[in-house]
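Note sheet for the following structure.
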Amino acid sequence: MTRKHAFQLIMAAALTLGAGMSHAGFDLMGSVGAAGDLAKAATISDDEIKNGARQMVAHEDKVQKVAPAGSKYAKRLAALTAKHVKEDGLKLNFKVYMSQQVNAFATPDGSIRVYSGLMDLMTDDELRGVIGHEIGHAKLGHSAAAMKTAYLASAGRKAAASSGGELGAIADSELGAMMEEVLNAQFSQSQETESDDYGLKFMKKHKYDVHAMETALRKLGGQGGGMTDSHPASGDRADRMKEMAGK
């Protein structure tokens, strides 16, 4: 779909929801005019995406139980990522969520969050491989695209609620709703392949065990839920990583 076509569809939806909605600037935290909000989403900039991502992650950090700096999980992740706070032109920050979910995610602002359940499952190099994969999603623009889709979806919900006079209540919960959209987003197979390739290059670049990419994917393939929901065909991808690691 072209940007022009997307813009036309968004404006048509806004008109259907009714007139009387004033235009306002992009502000994830504020009460923006619903029609303007929908229209703005079609041309949202990279800086706005990153700013929105920072707000979303700050909200999620308050909702989740973040591992304290002195915990074994935080210390382990800090040791594994100390040399990667600046990676491939990105400024990254890392935290552990104390949850048995086998999951990790990256957002466009460079925030990477790793769940303790994933850390329990992985060796150090396997965890590095997963982190390299997630850095790939951020570097290659996959996370930004997912967030933009989430913003469009949340704007649609906001516009609908606005027509019923409940914009304020929806706006207060907007960050959590958007984060839910992002975490539930599924990357395409081509995006997963690109991030796998990025992760393998990351491992080679830093002289980590390149075979850890394969074993990490095989472990993920044996799990239910979490990362396997948005990372399909782990077995096939593991086979591909095994082949590429030998080259």
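Which of the residues that make up region 162-193 are at pLDDT 75 or above and β-branched (Val, Ile, Thr)?
193
Here is a yes/no grid of residues against (1) without any contact (Cβ under 8 Å) to a residue 60 or more places away in the chain; (2) out of contact with any strand residue (DSSP E or B) (no Cβ under 9 Å at 6 or more places or on another chain); (3) in a loop (DSSP other than H, G, I, E, B):
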| position | (1), (2), (3) |
| --- | --- |
| 60 | no, no, no |
| 70 | yes, yes, yes |
| 96 | yes, no, no |
| 114 | yes, no, no |
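Answer with yes or no whether residue 117 is surrounded by fewer than 21 Cβ atoms within 10 Å (Cβ to Cβ) and within 23 Å of residue 60 (Cα to Cα).
For residue 117, the condition - surrounded by fewer than 21 Cβ atoms within 10 Å (Cβ to Cβ) and within 23 Å of residue 60 (Cα to Cα) - is met.
Output yes when any residue across region 103-110 is modelled with pLDDT under 95 and of a type in the set (Val, Ile, Thr), and no when none is.
yes
Quick one: in region 176-195, of everything that is hydroxyl-bearing (Ser, Thr, Tyr) and assigned to a helix (DSSP H, G or I), which residue is nearest to residue 105 (Cα to Cα)?
This residue is 195.
Determine the pairs where a residue that is farther than 14 Å from residue 193 by Cα, located within region 131-146, has a partner that is assigned to a helix (DSSP H, G or I) and of a type outside the set (A, V, I, L, M, F, W, C) with Cβ atoms under 6 Å apart, the partner being 6 or more residues away or on another chain.
If the second residue must be assigned to a helix (DSSP H, G or I) and of a type outside the set (A, V, I, L, M, F, W, C), the pairs left are 143/137.
The values are calculated or read from the model by the stated rules, or taken from the named source; none is laboratory data. Everything numeric here is computed off the predicted structure, so don't read it as measured data. Neighbour counts are summed over all protein chains in view; Cβ atoms, including those assigned to glycine, are modelled from backbone coordinates with ideal geometry.
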